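Data block below; observations after.
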Protein chains: 2
Amino acid sequence: MSTLASLGGDLSRLRHLNSLAVIRALRGAEPLTLTAVAEQTGLSRPSTKDVVDQLVALGWVVEVPPSAGGLGRPARRYRFRADGGHVAGVDIGVHTVRAAVADLDGNVLAETRQTVSRDTPVDDRLAATFRAVAGCLAAAGLGQDDLWSVSAGTTGVVDREGRVQISAGIRDWAGVDLTARLGELFSCTVHVENDARLAALAERERGAAQGVNDAVFLHAGRRTGAALIIGGAVHRGFGGAAGEVGLLPVTHWATAADYLHDCPVVPADVPKGDAARHTFDAAREGHPVAVAAVERYADDLALGTSAMVMTLDPELVVLGGGFSRAADVLLPLLRTRLEEVCLRMPELRGSALGEECVALGAVGRAVAHLDQEFFGTGPGSIAPPR
Amino acid sequence: MSTLASLGGDLSRLRHLNSLAVIRALRGAEPLTLTAVAEQTGLSRPSTKDVVDQLVALGWVVEVPPSAGGLGRPARRYRFRADGGHVAGVDIGVHTVRAAVADLDGNVLAETRQTVSRDTPVDDRLAATFRAVAGCLAAAGLGQDDLWSVSAGTTGVVDREGRVQISAGIRDWAGVDLTARLGELFSCTVHVENDARLAALAERERGAAQGVNDAVFLHAGRRTGAALIIGGAVHRGFGGAAGEVGLLPVTHWATAADYLHDCPVVPADVPKGDAARHTFDAAREGHPVAVAAVERYADDLALGTSAMVMTLDPELVVLGGGFSRAADVLLPLLRTRLEEVCLRMPELRGSALGEECVALGAVGRAVAHLDQEFFGTGPGSIAPPR
């Protein structure tokens, strides 16, 4: 049987595009009949059958047993082989390392988390990352060989090659060539990205920003950061420094969360990771000191947000990060402040994904890298699954 | 002879794409031989001849006389019929209305300008716009029937339908349905856009931002404004309000130019349109009061610029608008201030286009609208020139 790569010229290119169209129709959907695939792709029925047969031969598509019931011979149905390979997404944070392992459709099979600290040595933080992934693989009954791609998110400015340029949160993190260091631990390809950007990607793929082309994602938590979705894709910027408006002194984002952490309503023995929750709870109950603290936090959050909104005029602003659990308190305050200064108010929504969002975004990025590798680079790039 | 529209199915789509590739190769270039067209498009020589013959029959491409000299029979050469139609670009400003008429490649044939004022009634401003275009047509030896598309830029926030939403500069301008009003004056299609955005487009097409995918364009003049190029295209925002960061009170852009206009070095009898020039000249000569005024202006310009730079991380910032004539004074001051706060410094350049840039951008937008109309909407959309 001829492979796609062996077909030459314009016809091959057309057939390659048809294969991509069929795979797109089958990705993440229920099993489809040839008729349904033809409808979704706009291809003729004979062309559809031809392409599906080839993809079955290559191992990317499998026929599934016909559904029970009905009269006559049931139509054959096909699905993408999402379990043909797996990816890992990791979130290397200041206080926590999280990992998720998923299939090629991004369905998460297992998640783990480990506690680290701001001062955890670089080698130990990387070892914790490896253990987090290994734990996911074990939980999912998979081995290292089942892993095709690892994507990692971390705090700070990360360049295109995956080197940490600046990191305010993690000791000795700036200067680490994270792609290379993780590449020593994993035998598959590794990609690294800024964590807020991966969280924004997760919101776009499966969270509050689904179907939205232009959105601002706020990471509101112990750190305050942001990321942008422009034209349906995460915007990195020319040097990977987009979304860093909070580093401008005028925004006060570096210290914004201190109002919440240092509020007198927080009991003395509460660890810093839980402090803001106490302040939000007290503000909900109307405690004046807590209300004032939350309002000052909202002032700072709104100034940097308004700069992004007035620059980009996005459709949506998503409030994410740990403080999104207090979206009921924060969103109304943020809305009032933005309405005062913004020419056109975007919609505001709280994140639906919670603290897993960076790891989920990393899973999405890993799947996208595999798509690019297998399907993205022109005729002949559709290789069979390993 | 069959038209492209009559060919059905996938083959027609492929042939349509080939036609677009040939037209792109011929647009704006010197006349090309079939061999050169085949090289640039990647099509086979027989396919190229087939497509070029069809485009000649449709009137989009003409054969040009062979170049003189050389041995043997010279190869036939072809060019796009840029003179098959014309467009107008107009800049409806606070103090001036400018127009330019160009061919389908955007080559400007004639330009005019008229003086108006902030208080010119709406009807008179529109009449001045019509006269500006009529003057261009007369100068170029063309009539209204030669005009296929008119694109207009104006100050303020303009929605997708071409209604002025907000205009700080022109009296009674907010609420004007500019597309409809201009449509009553011109018999061809009319499009309306924010002026800074058209200036940014001109910089991208033929100015300081050629080949740059992500750039911030500063309109520095009697008004202070901005526009964004993202992914190689002008970014409008969800509601057409992108680039309006200068409306945030914290930026002081609304009053920034006052430092230059109200500087004591400006003679009392100088009209406001010339005032800033005196301040820049005095600053160049080291006059302390003028230097201080320019520095305070640069402070304000830099704050809003830094917010856009830290949001987008662009490759380039273009200093445009009337004050770009003082780029020698302003760019070093802007650079110093941005370097203090920006994570990654973009390149800074002064505009190369001067005060014609909005009209030039409008020409580019009009050409793009025609391209979309004739070539952009799938099989069968290649209609013969009128």
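The values are calculated or read from the model by the stated rules, or taken from the named source; none is laboratory data. Source: prediction; values computed, not measured. Heads up, the Cβs are rebuilt from the backbone with ideal geometry, glycines too, and the neighbour counts pull from every protein chain shown. With ligands, DNA and RNA removed, areas are computed over all heavy atoms of the protein, side chains included. Shrake-Rupley method; radii C 1.70, N 1.55, O 1.52, S 1.80 Å.
Could you check the simple spin-label distance between residue A:114 and residue A:328, using points 7 Å along Cα→Cβ, in nm with one decimal?
Those two pseudo-labels are separated by 3.6 nm.
Give me the distance between the Cα centres of segment A:305-353 and segment B:157-171, rounded to whole Å.
25
Output, in nm with one decimal and in ascending order, the distances from the residue A:50 label point to the matching label points of the other copies (7 Å from Cα along Cα-to-Cβ).
Those separations, rounded to one decimal, come out as 1.6 nm.
Measuring nothing but label to label, 7 Å from Cα along Cα→Cβ, what are residue B:233's distances to the other copies in nm, shortest first?
Sorted ascending, the copy-to-copy spacings read 1.2 nm.
Please find, in a Gaussian network model of chain A (springs between Cα atoms separated by less than 10 Å), the residue of A:234, A:266, A:358 whose mean-square fluctuation is greatest.
A:266
Most mobile of A:268, A:302, A:326 per a Gaussian network model of chain A (Cα springs, under 10 Å)?
Of the options given, A:268 has the highest mean-square fluctuation.
From the backbone phi of segment B:29-44, what are the Karplus-calculated ³J(HN,Hα) couplings (6.51 cos²θ - 1.76 cosθ + 1.60, θ = phi - 60°) in whole Hz, Gly and Pro given as x?
With coefficients 6.51, -1.76 and 1.60, one gets 9, 5, x, 10, 7, 4, 4, 5, 4, 4, 4, 6, 8, x, 7, 5 Hz.
B plus A alone minus the pair: what accessible area, both sides summed, probe 1.4 Å, in Å² to 100? Each step should come with its number before you reach the end.
Working: alone 17390 and 17410 Å², together 31950 Å².
Using a 1.4 Å probe on protein heavy atoms, the buried area is about 2900 Å².
Ignore the peptide's own chain and count Cβ atoms of other chains within 10 Å of each Cβ in B:231-240; give me the average, rounded.
On the way: counts 4, 0, 1, 0, 6, 2, 11, 12, 7, 3.
Rounded to a whole number, the mean comes out at 5.
Among A:90-98, B:312-320, what's the highest-first ranking by average C-beta atoms within 10 angstrom per residue?
Numbers: A:90-98: 24.3, B:312-320: 25.9.
Highest to lowest by the protection proxy: B:312-320, A:90-98.
Pairs of alpha-carbon atoms within less than 8 angstrom and 6+ residues apart define the contacts here; what relative contact order does segment A:211-351 have, in percent? Walk me through the intermediate numbers first.
Numbers: 233 pairs, mean separation 38.1, N = 141.
This gives 27 percent for segment A:211-351.
Quick one: in segment A:297-340, what % of C-alpha pairs are over 14 Å apart?
46
How are the C-alpha pair distances of chain B spread across 20 Å bins, as whole percents from the shortest bin up?
P(r) over chain B, rounded to whole percents: 26, 50, 21, 2.
Quote the relative contact order of chain A in percent (integer), defining contacts as alpha-carbon pairs under 8 Å separated by 6+ residues.
On the way: 748 pairs, mean separation 64.9, N = 386.
Relative contact order, chain A: 17 percent.
Kindly report the accessible area of segment B:229-386 per residue (heavy atoms of protein chains, probe 1.4 Å, no ligands, DNA or RNA), in Å².
39
Which value in deg cm²/dmol, rounded to the nearest 500, describes the helix-derived mean residue ellipticity at 222 nm for chain A, given -39,500 (n - 2.57) per DSSP H run of n ≥ 4 and division by the residue count? Display every interim value, and only then the final one.
Working: 11 runs with 154 residues, N = 386.
One gets -13000 deg cm²/dmol as the mean residue ellipticity at 222 nm.
Please report, in whole Å, how far the alpha carbons of the protein assembly as shown spread along each principal axis, starting with the longest.
Computed over the Cα atoms, the extents are 79, 73, 55 Å.
On average, how much accessible surface per residue is there in segment A:120-209, in Å², for a 1.4 Å probe, leaving out ligands, DNA and RNA?
On the way: 3300 Å² over 90 residues.
Result: 37 Å² of accessible area for each residue.
Return the residues of segment A:333-353 for which accessible area with all protein chains present is lower than in the chain on its own by 20 Å² or more; set the probe to 1.4 Å and exclude ligands, DNA and RNA.
A:341, A:343, A:344
Would you work out which of A:228, A:267, A:43 lies farthest towards the positive end of the dipole of the protein assembly as shown? Charges go on Cβ: Lys and Arg +1, Asp and Glu -1.
Toward the positive end, the furthest listed residue is A:43.
Beyond 21 Å, what percent of the Cα pairs of segment B:22-120 remain?
Details: 2415 of 4851 pairs.
Everything past 21 Å amounts to 50 percent.
Under the convention of a label 7 Å out along Cα→Cβ, give the distances in nm from residue B:288 to the same position in every other copy, shortest first.
Here the equivalent label points are 5.0 nm apart from this one.
Where nothing but the Cβ of Lys and Arg (+1) and of Asp and Glu (-1) is charged, how large is the charge dipole of chain B around its Cα centre, in debye to the nearest 20?
On the way: 37 positive and 46 negative charges, 200 e Å.
With only Lys, Arg, Asp and Glu charged at Cβ, the dipole is about 960 debye.
In debye, nearest 20: dipole of segment A:211-351 around its Cα centre with unit charges on the Cβ of K, R (+) and D, E (-)?
That gives a dipole near 260 debye.
Probe radius 1.4 Å, ligands and nucleic acids ignored: give me the carbon and sulfur share of the accessible area of chain A as a rounded percent.
Taking all protein chains in place, chain A shows 51 percent carbon and sulfur surface.
Could you list log10 I(q)/I(0) for segment B:209-352 at q = 0.19 Å⁻¹, which the Debye formula gives when each Cα is one point scatterer?
Computed log10 I(q)/I(0) values: -1.09.
Count neighbours as other Cβ atoms within 10 Å of each site's Cβ, and list the GluC sites (Glu not before Pro) in segment A:140-232 that are DSSP loop with at most 13 such neighbours.
A:161
Viscosity 1.002 mPa s, temperature 20 °C: Stokes-Einstein D of segment A:198-293 from its Kirkwood Cα radius, in µm² per second?
Details: Rh = 15.1 Å.
Value of D from the Cα-based Kirkwood radius: 141 µm²/s.
When Cβ neighbours within 10 Å are restricted to other protein chains, what is their mean count per residue of peptide B:298-310? The partial results should precede the final answer.
Values: counts 0, 0, 0, 0, 0, 3, 3, 0, 6, 11, 6, 7, 15.
For peptide B:298-310, the averaged partner shielding equals 4.
Quick one: putting +1 on the C-beta of Lys and Arg, -1 on the C-beta of Asp and Glu, what dipole do you get for the protein assembly as shown around its Cα centre, in Debye to the nearest 20? Mind dumping the intermediate values first?
Details: 74 positive and 92 negative charges, 393 e Å.
Approximately 1880 debye in magnitude.
If you restrict to DSSP beta bridges whose two residues both lie in chain B, what percentage is antiparallel, to the nearest 5? Could the numbers behind the result be given before it?
Values: 31 of 53 bridges.
Close to 60 percent.
How many nm separate the modelled label positions at residue B:373 and residue B:63, each set 7 Å beyond the Cα in the direction of the Cβ?
Modelled inter-label distance: 3.1 nm.
If you build a Gaussian network model of chain A, linking Cα atoms that sit under 10 Å apart, which residue out of A:127, A:359, A:215 swings the most?
Ranking A:127, A:359, A:215 by mean-square fluctuation puts A:127 first.
Which residues, if any, in segment B:312-329 lose at least 10 square angstrom of accessible heavy-atom surface (probe 1.4 Å) when the other protein chains sit next to their chain rather than the chain being alone?
When all protein chains are present, B:312, B:313, B:315 each give up 10 Å² or more of accessible surface.
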